[in-house]
Amino acid sequence: MAGLAPLLFYPFIDPSHVQGTALWEWSAVGGPTIQASYELDGLGAVGVAIGMLYGGAALIATTRVNSRSALLRPALLLNAFILMTLAVTDDLVADTVVLGALAVTTTFAALLVSPAPAVARVTAYLAAGVQGFVVAALLITRFGGASFRFEAIPPGSVSPGVILAATIGAALFAGLYPFVPWGYRQDESGERESLRGLLAMPAGVGATLVLLRVVGITRIDVSEIGLPAAIPDTVKALALLAFAFALWRAWRRRSRSRRVLVLTIATLALVLFYPYLHWSHVVIVACLLTVAYAAAVSLAQPDQWPVTRYVVTLAAAWIGIAAGTPEAVAGSLLVLAGGALAALAEAFWMPPHRAYIAMLASTTTIVSACLGVALGVLAAPDPVTVVLGLIAILAVIALELVHVGRRLDVAAAPPDLAATATLVAFLTAILVAILAAAPIVDATTHAFGRPIVDDLGTLTTTAAALAILGAALAVVAGALRPFLPDTAPIAARLAWIVGVADPVPFAAASFRALERSATVASTVFSLFEQRAGVWLALVLIAGVVTWAVR
């Protein structure tokens with residue numbers, strides 16, 4: 001519970017005592033010095049608490065598996081410290097540098113717990129994610145500015161291109177679909193590999209907090225933010241030709257034709273409806289696909305739920321950010337805090353009755369926070385965002401309840417244990433909401449720039465009602481489990497869906513194509529360098545001959 005200390009003491013901290021410009025410095029040889037500024041605002045306090053909880057969960061979880069290296073625990077501890085540094089850093093360029101450091105430590109930790117193909121994908125996604133934030137910073141420089149501090153960046157300089165670049169970078173860090181680095185197959189599962197979701201969570205949370213700060217610079221309704229530029233007619237024609245070719249392949253029943261056809265249909269639909277899409281639509285659809293893929297994986301392979309639950313938590317938080325209302329963002333931060341608390345609770349080995357109580361309490365906290373996100377989504381001004389957001393967040397709630405129903409055995413639990421677990425779950429959800437209330441309200445006001453207008457009494461009543469509803473849903477899900485049909489036939493069908501929707505083969509093919517193109521380009525340049533004089537003379541002779549003929 002020490003991880004909740006930043007939330008507990010935040011209302012009593014004087015901000016002038018925890019801000020400055022000398023947290024760390026970095027400079028290249030002969031280049032400028034980057035001096036990070038920091039401030040423990042509400043979002044920073046939430047990030048520090050989440051970093052402490054995930055760091056503690058990772059360290060405790062390593063005691064239950066056989067590690068191949070003594071460096072695993074120090075790497076996980078360093079990962080948590082970097083996340084806490086990122087949470088309190090309020091400069092975009094400095095945040096990008098810290099994200100690079102977080103990517104390095106995450107990759108190193110992945111080397112110790114995952115097979116080489118998965119580590120290669122993680123490395124590629126994190127490296128590309130850092131470049132996304134670099135592009136966002138470069139796009140901001142087009143409009144000028146005295147500083148990259150978030151409070152000093154003019155709202156007009158944050159264009160849709162800036163938000164899209166930061167979104168792509170954060171999605172690569174968070175592992176949202178289709179940027180899923182883990183292959184849920186037998187060759188990438190095992191005892192140590194159960195840590196893979198936990199060790200990647202600090203990177204996903206850190207990138208999400210930076211994205212929240214970038215989006216918070218804008219002063220328009222988040223659900224009304226459009227996508228950059230327009231798609232040329234030539235691209236539309238190419239998408240139509242690709243669709244026709246994929247349709248022909250499917251008609252000829254070529255190998256992997258169905259996957260190619262689905263991909264081309266999605267691409268053609270995106271191209272045609274691009275002018276009508278908002279940034280929030282794209283983000284929520286990506287979150288919905290992430291939840292659907294996680295549902296297929298976890299129901300087909302129930303032992304993978306502890307891994308997929310982390311990315312489902314991030315998807316739920318992203319839904320609230322895409323909705324753009326302060327209530328939805330507050331619910332998103334509560335989801336992240338609840339997920340961190342759940343990870344810490346499940347890292348311990350407990351007797352069955354204590355595990356029952358901890359499981360019900362963690363699920364109630366997450367479900368209650370998701371209900372808060374749903375209430376915030378209802379206040380979004382864009383109707384398409386409201387519909388998509390409700391579908392996505394209800395899918396998250398349903399998936400959480402299905403798995404808590406699968407894991408809880410209410411019929412075998414004594415009545416006094418069930419009553420005690422329900423009471424503890426309600427009190428835990430209320431405690432997290434109370435502790436996080438002050439920093440989250442400050443985060444929505446300053447970091448996100450959109451204050452919550454409800455008074456304290458309304459917020460307290462809403463939090464209590466959501467906690468009661470969340471506890472009731474978790475208990476009902478466990479009670480209904482004996483009456484539900486066997487999921488084995490469904491799991492067999494979902495296994496086929498997982499195989500079709502698995503984005504890992506596509507990513508591996510993309511990496512191989514990139515490697516092949518780089519190899520060919522390197523060979524060409526090497527040949528040119530070796531025979532530069534011969535090639536230059538040949539070009540000159542050909543030019544002279546052509547001029548003489550004319």
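The values are calculated or read from the model by the stated rules, or taken from the named source; none is laboratory data. Note that this is a predicted model, so its numbers are computed, not measured. Every residue, glycine as well, gets a Cβ built from its backbone with ideal geometry; the counts of neighbours run over all protein chains shown. The protein model used for the area step is the full one, side chains on, heavy atoms only, and it has no ligands, DNA or RNA in it. Shrake-Rupley method; radii C 1.70, N 1.55, O 1.52, S 1.80 Å.
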So what's the range 305-382 giving for Rg/Rh, alpha carbon basis, Kirkwood Rh from the mean inverse pair distance?
1.06
Modelling each spin label as a point 7 Å along the Cα-to-Cβ direction, I'd like the V387/S69 distance in nm, to one decimal.
5.0
Paramagnetic label zone (point 7 Å from Cα along Cα-to-C-beta, A230; backbone N under 18 Å) in the range 156-174
160-161
Where the Cα pairs of the range 303-454 fall when distances are cut into 10 Å bins, in %
11, 40, 32, 14, 3
Rounded to the nearest 10 Å², what accessible area does Y274 have for a 1.4 Å probe in the complete protein model?
40
Quickly work out the I265-to-F143 label distance, labels modelled 7 Å from Cα along the C-beta direction, and quote it in nm with one decimal.
4.0
Heavy-atom accessible area ranking, 1.4 Å probe, most first, across R354, R196:
R354, R196
The correct ranking of R121, R64 by accessible area at 1.4 Å, largest first, is R64, R121
All other residues with a Cβ under 15 Å from the Cβ of A379 taken together, and with Lys, Arg as +1 and Asp, Glu as -1, what is their net charge?
-4
L469 versus T420: modelled label distance in nm, points set 7 Å from Cα along the beta carbon direction:
3.0
Based solely on C-alpha atoms, express the radius of gyration and the Dmax of the range 235-379 in angstrom.
20.0, 62
Per-residue accessible area, 1.4 Å probe, largest first, puts L378, L211 in the order L378, L211
For the range 218-304, what is the accessible area per residue in Å², given a 1.4 Å probe and the full set of protein chains?
60
